[in-house]
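In what follows, a single structure is set out as structure tokens and then discussed.
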Amino acid sequence: MGKFEPRIRYRLLLAAASATILTLAGCSDQQAAAPQAMQMPPPAVDVVTLKSETLELKDTLAGRVSAFRTAEIRPQVNGIILKRFFDEGATVKAGDKLYQIDPSLYQAALASAEAQLTVAEANAYAARLKAKRYKELSKKSAISAQEVDDSEAAAKQADAQVKAAQAEVRSAKVNLGYTEITAPISGVIGRSTITEGALVSAQQATALTTIRQLTPIYVDIQRPAASLMRMKNPSLSRSVTVELDDGTPYADVGELQFADVSVDQGTGTVNVRAQFENKDALLLPGMFVRANVPSALIENAILVPQQAIVRQANATTTAYVLDDANVVSLRGVEVTRAIGDKWLVKAGLNAGDRVIISGLQKVKPGITVAPEEAKP
């Protein structure tokens, strides 16, 4: 074994040298790869380029629906209701017969008035003949002038009695016509407060029923008096939309009709009326709605997506903005109100600014990013 020891020692030294060389080579490779690993590509983000636009602001106000026309049906003569001709809740047309009052007494009154007219016409005919005869006799001096005057006066009085009798006939016909109660307007008729056999009286306080015209229909809106001056801007639209009490948007678009000329002293509001077609009769009188009414027109308004605005711990609002070199900066922004899914910018952002809307967790001020314009 002695003669082999130098050879074994040589092989051990050779193996140790090889291991050292491999170790140094591995370290060299890691040091060369380290700078390459640190050179990561810039993070990808979605951006939106802001544009200015003309913006119409709307206020959401409480409103109440009221009928376009309302007619309370009351009798104009006394009598017993014989029949009702409508179904409650049905649609009626102007002139449709609603109730029939017993016409017997009024038919008799008309017959009496017509008889009185016939008597008056007969008396007038006799008086005219007498006046004519006396006038002929006066030419022969057969009667005095006083008798002639008296006969002419009697004839005129008889003519006046004929006119009075004619008026009585017309009045009797009107009263007889009132025994048929008809619809003065077209619309939806409500419930009947009386039934057949009920006694009604002329112009009674309780209405027999009510007709409401629902197409078109009004929405009365209480608007702050201070906003009336802005309403007079001719560039401001007059379109109004409403939401039902449960938040459901109503499809039809209404139009402002007028604003009242007085201010409610208790609330400081003015009643503003909008008109809707309401073809589906979904809006009913007395219903509460939320109305979106045009309030102001802003030129060169800036809207920024809500996801671009970041609220900091100190309650300030900020946005990440890119410069021409795609370097990120954090900018303070002041917003006023939400318009759909965007904020209306008061200060801090301008038209042409590129703001980051996604990938915010990957950015910080001073880094360079790879922006891509977000689709609308």
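Nothing in this text is a laboratory measurement; each read-out follows from the coordinates by a stated rule. Predicted, not measured: the structure shown is a model, and the values here were computed from it. All Cβ positions, glycine included, derive from the backbone under ideal geometry; neighbour counts span all protein chains shown.
Contour minus end-to-end for Met40 and Ala198, with contour as 0.36 nm per residue of separation and end-to-end as the Cα-Cα distance?
Details: separation 158, 0.36 × 158 = 56.88 nm, distance 9.39 nm.
Roughly 47.5 nm would be gained on extension.
Which is the longest part of the chain that has none of the trypsin sites (Lys or Arg not before Pro) sitting in a DSSP loop with at most 14 other Cβ atoms within 10 Å?
With a cap of 14 other Cβ atoms within 10 Å, the longest stretch comes to 280-376.
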Can you work out the FRET efficiency for the pair Ala111 and Glu136, with r the C-beta to C-beta distance and R0 = 41 Å, to the nearest 0.05? 0.60
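Taking neighbour Cβ counts within 10 Å as the exposure measure, how do Leu82, Leu236, Leu303 sort from fewest upward?
Numbers: Leu82 14, Leu236 17, Leu303 21.
Neighbour counts put them in this order, fewest first: Leu82, Leu236, Leu303.
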Once phi for every residue in the stretch 93-109 is put through the Karplus expression 6.51 cos²θ - 1.76 cosθ + 1.60 (θ = phi - 60°), the whole-Hz ³J(HN,Hα) values, with Gly and Pro written as x, are 10, 4, x, 5, 6, 9, 9, 10, 8, 3, x, 4, 4, 7, 5, 5, 5
For the chain, take N as its residue count and report Rg(C-alpha) divided by 2.2 N^0.38 Å. 2.27
Met229 versus Lys156: modelled label distance in nm, points set 7 Å from Cα along the beta carbon direction: 6.9 nm
Kindly state, to the nearest 0.05, the FRET efficiency for Lys93 paired with Glu277, given R0 = 22 Å and r defined as their beta-carbon distance. 0.70
Calculated Rg and Dmax of the stretch 52-195 using C-alpha coordinates, Å: 29.1, 108
Amide H contacts under 5 Å for Leu98, restricted to residues at least 5 apart in sequence or on another chain and with H modeled in the peptide plane, are Ile181, Thr182, Ala183
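Distance check, please: which entries in Lys93/Lys232; Lys58/Lys364; Lys51/Lys362; Lys58/Lys93; Lys279/Lys375; Lys93/Lys173 exceed 31 angstrom between their Cα atoms?
Numbers: Lys93/Lys232 38 Å; Lys58/Lys364 37 Å; Lys51/Lys362 25 Å; Lys58/Lys93 38 Å; Lys279/Lys375 38 Å; Lys93/Lys173 24 Å.
Too far apart for the 31 Å limit: Lys93/Lys232; Lys58/Lys364; Lys58/Lys93; Lys279/Lys375.
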Estimated [θ] at 222 nm from DSSP helical runs (n ≥ 4, -39500 (n - 2.57)) normalised by residues in the chain, nearest 500: -10500 deg cm²/dmol
Cα-projected label distance for Leu297 with Asp246, points at 7 Å along beta-carbon direction, nm: 3.8 nm
Along principal axes, largest first, the alpha-carbon spread of the stretch 103-178 in whole Å comes out as 56, 13, 11
